[in-house]
Structure formats: C-alpha cells, structure tokens
Amino acid sequence: MINLAELGRSFSVCGKTDMRRGIDSLAYIVKKSFHLDPFSGCVFLFCGSRKDRFKALYWDG
C-alpha cells in the first residue's frame, strides 16, 4: 500500500498520452523529454486524450 502523504514531488505531464503505452515507454518519456529520473521516487501522472483517465508512474524500489 502506498501512503500518499509520504510521497515526494509529483509531476503532471501535459498533453495527450497514448494510454496503450506500457510502464517502460512512460519511463522513457520522463527520462528523454523532461530529463528527470523515473526512479527518483517522484510520481508522474499521464493523461489520456479523453481526459477522464490517468496513469501514474511511481518507483517504490
């Protein structure tokens, strides 16, 4: 179980993200497009084109 109060920073990725992408592809986007470490313990939120679904990327070790 993830305690949301203990999580560090969170980032919202603006724009449309293909929700068919897997975790590896989302981590690649974080690393190459935003120059951030996907294994840093931060939460990265991705929004789909319909804007009613989100995917979260979080490395808990």
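The values are calculated or read from the model by the stated rules, or taken from the named source; none is laboratory data. The structure presented is a predicted model; accordingly, all values stated were derived computationally and were not measured. Note that each Cβ is placed from the backbone with ideal geometry, even for glycine, and that neighbours are counted across all protein chains shown. Surface areas here come from the heavy atoms of the whole protein model, side chains and all, with no ligands, DNA or RNA. Shrake-Rupley method; radii C 1.70, N 1.55, O 1.52, S 1.80 Å.
Of Gly41, Gly8, Gly48, Gly22, which residue is touching a residue at least 24 places away in the same chain (Cβ under 8 Å), exposed (fewer than 10 other Cβ atoms within 10 Å of the Cβ) and not charged (D, E, K, R)? Step through it out loud before you land on a result.
Values: Gly41 fails: exposed (fewer than 10 other Cβ atoms within 10 Å of the Cβ); Gly48 fails: exposed (fewer than 10 other Cβ atoms within 10 Å of the Cβ); Gly22 fails: touching a residue at least 24 places away in the same chain (Cβ under 8 Å).
None of the others qualify; the one that does is Gly8.
I'd like to verify a number: residues in region 1-42 that are out of contact with any helix residue (DSSP H, G or I) (no Cβ under 9 Å at 6 or more places or on another chain), of a type in the set (Asp, Glu) and at pLDDT 90 or above, how many?
1
When the residues of region 20-61 are narrowed to those that are in a loop (DSSP other than H, G, I, E, B) and of a type in the set (D, E, K, R), which ends up nearest to Ala5 (Cα to Cα)? Quick ask: steps written out before the conclusion?
Initial filter on region 20-61 (in a loop (DSSP other than H, G, I, E, B)): 20-22, 35-42, 48-53, 59-61.
Cutting the leftovers down to of a type in the set (D, E, K, R) gives us 20-21, 37, 50-53, 60.
Numbers: Arg20: 29, Arg21: 28, Asp37: 21, Arg50: 28, Lys51: 25, Asp52: 24, Arg53: 22, Asp60: 14 Å.
Step by step, filter region 20-61, then rank; the result is Asp60.
In this structure, does Lys55 turn out to be surrounded by 10 or more Cβ atoms within 10 Å (Cβ to Cβ) and at pLDDT 85 or above?
Numbers: surrounded by 10 or more Cβ atoms within 10 Å (Cβ to Cβ): yes; at pLDDT 85 or above: yes.
In short, yes.
For region 25-38, how many residues are small (Gly, Ala, Ser) and open to solvent by less than 60 Å² (accessible area, probe 1.4 Å)?
If we filter region 25-38 for residues that are small (Gly, Ala, Ser), which is where we start, we get 25, 27, 33.
Within this subset, residues satisfying the condition of being open to solvent by less than 60 Å² (accessible area, probe 1.4 Å) are 25, 27.
Of the residues in region 25-38, 2 are small (Gly, Ala, Ser) and open to solvent by less than 60 Å² (accessible area, probe 1.4 Å).
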